[in-house]
Amino acid sequence: MKNVMDTLRERGFIKQTVYEEELYGLLGRESVPFYIGFDPTADSLHVGHFMQLVAMKHMQDAGHKPIVLIGGGTAMIGDPSGRTDMRAMLTKETIARHVECFKAQMARFLRFEGENAAVIVNNADWLLGLNYVDFLRDVGVNFSVNKMLTAECFKSRMERGLSFLEFNYMLMQAYDFYVLHERYGCSLELGGDDQWSNILAGADLIRRKAQKPAYAMTFRLLTTSEGKKMGKTQKGAVWLDKNKTTPYEFYQYWRNTADDDVESCFRLLTFVPLEEIAELCSHRDERMNAAKERLAFELTRTVHGEEEAERARSEARAAFGGEGEMPVREIPADTANIVGVLVAAGFAKSNGEARRLVEQGGVSVNETKVSDLSFPLPAGEFVLHKGKKAHVRIVRK
């Protein structure tokens, strides 16, 4: 079987590794238990997490064993990586609820039965009961404060202030790797490149404390060709939970991918063969629209299933190409003005936001631009447009 490192490198995942030749040989000759950590700071995974799940699936399909670590313990502190401010601390009850949501979503992507079945663990099981003095004597003695302060995750916070609470995060994540090594034989941690210092610290702890080989590999972050993080909209993150980001909104996000980013998204987020991706993305003209539609369909099908993907594609074609069925929003029959319609349809969160949309010229009813707040609404059903990308059929109930 093809070495999974070749697969990950060809598709553009790998950013940094240590002991690369050793790791390549290990992955080529035996099944390797590996892990990726997910902090449950929300009640849903988002697009950034999805890229990690795709990488885990590549690893599992190549015969390696995924360990999904839910950070129920580390979320009590908050990871300072990539932050200029301190994360809000969550209650145990909130974290427990988020952990259950994550478990349900991840079950759709990884195999939890059969050979090299994935397992889900929660680091609250071993972190919350730690004796602090014992932890410092057993784990803290292996860390140099001078070296820790050179890590990017800490350097970026030094000017604004880094709390001692957050300073402990690296030790706790390193300890996670050590515990998984002792309990599951885990010898490889994967993650986004903003986690490089934390992952490296864990591999180093195992080599020091257990005198066993351990490896680190990070992936590039999911960014546009301009270096901006993907997975964000005006409404916020692009979530995998359909109640937070509908399948249609999810589809439309990827359908509107910039031309320069389509090939990269195909490689990192789908399992379409590389030769087919190259063919889909070989034309920089109107044919790129077919590639974008395929990208949106593949991702929506993976996250929400075939039926939802077909529906989202049909709705998008109806809105933009006159084919299929346009999404429908039912609103109260007594909705009297355009402001109420925008709020009821979910195009605005408040009356104030709805008024601003109208005043900025971003709203149309059927083919007529709404020029003022007193715009007369049609008597029956009508199509509501917000900008060039959001279109729904309004039905009064």
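The values are calculated or read from the model by the stated rules, or taken from the named source; none is laboratory data. Please read all numbers here as calculations on a predicted model, not as lab measurements. No Cβ is skipped: glycine too gets one built from the backbone with ideal geometry, and neighbour counts run over all protein chains shown.
Evaluated against (1) of a type outside the set (D, E, K, R); (2) surrounded by 14 or more Cβ atoms within 10 Å (Cβ to Cβ); (3) modelled with pLDDT under 95, Ala290 falls short on exactly one condition, (2). Screening Leu180 against (1) surrounded by 14 or more Cβ atoms within 10 Å (Cβ to Cβ); (2) touching a Lys or Arg at 6+ places or on another chain (Cβ under 9 Å); (3) closer than 30 Å to Gln60 by Cβ; (4) not β-branched (Val, Ile, Thr) leaves a single unmet condition, (2). One residue stands out in segment 122-142 among those that are of a type in the set (A, V, I, L, M) and outside any loop (DSSP other than H, G, I, E, B): the one that is nearest to Ala75 (Cα to Cα), namely Ala124.
Is it the case, given these coordinates, that Leu162 is surrounded by 13 or more Cβ atoms within 10 Å (Cβ to Cβ), part of a loop (DSSP other than H, G, I, E, B), of a type in the set (A, V, I, L, M) and more than 27 Å from the chain's Cα centre (by Cα)? For Leu162, the condition - surrounded by 13 or more Cβ atoms within 10 Å (Cβ to Cβ), part of a loop (DSSP other than H, G, I, E, B), of a type in the set (A, V, I, L, M) and more than 27 Å from the chain's Cα centre (by Cα) - is not met.
Restricting segment 229-268 to residues that are of a type in the set (Ser, Thr, Tyr) and touching a strand residue (DSSP E or B) at 6+ places or on another chain (Cβ under 8 Å), which is surrounded by the most Cβ atoms within 10 Å (Cβ to Cβ)? That would be Thr245. Applying the set (1) buried (at least 18 other Cβ atoms within 10 Å of the Cβ); (2) closer than 22 Å to Thr246 by Cβ to Glu330 leaves exactly one unmet item: (1).
Of the residues Thr257, Thr300, Thr246, Thr218, only one is of a type in the set (Ser, Thr, Tyr) and within 30 Å of Leu188 (Cβ to Cβ); which? After applying the criteria, what remains is Thr218. If we keep just the residues of segment 199-227 that are part of a strand (DSSP E or B) and β-branched (Val, Ile, Thr), which is modelled with the lowest pLDDT? Restricting to residues being part of a strand (DSSP E or B) and β-branched (Val, Ile, Thr), the top hit is Thr223. Whether any residue in segment 228-241 is at pLDDT below 90 and in contact with a His (Cβ under 8 Å, 6 or more places away or on another chain) is what I want to check. There is at least one residue in segment 228-241 that is at pLDDT below 90 and in contact with a His (Cβ under 8 Å, 6 or more places away or on another chain).
For residues that are polar (S, T, N, Q) and not in a loop (DSSP other than H, G, I, E, B), tally how many sit in segment 245-286. Qualifying residue count for the region: 2. In segment 1-40, the residue that is farthest from Leu222 (Cα to Cα) out of those that are of a type in the set (S, T, N, Q) and assigned to a strand (DSSP E or B) is Thr17.
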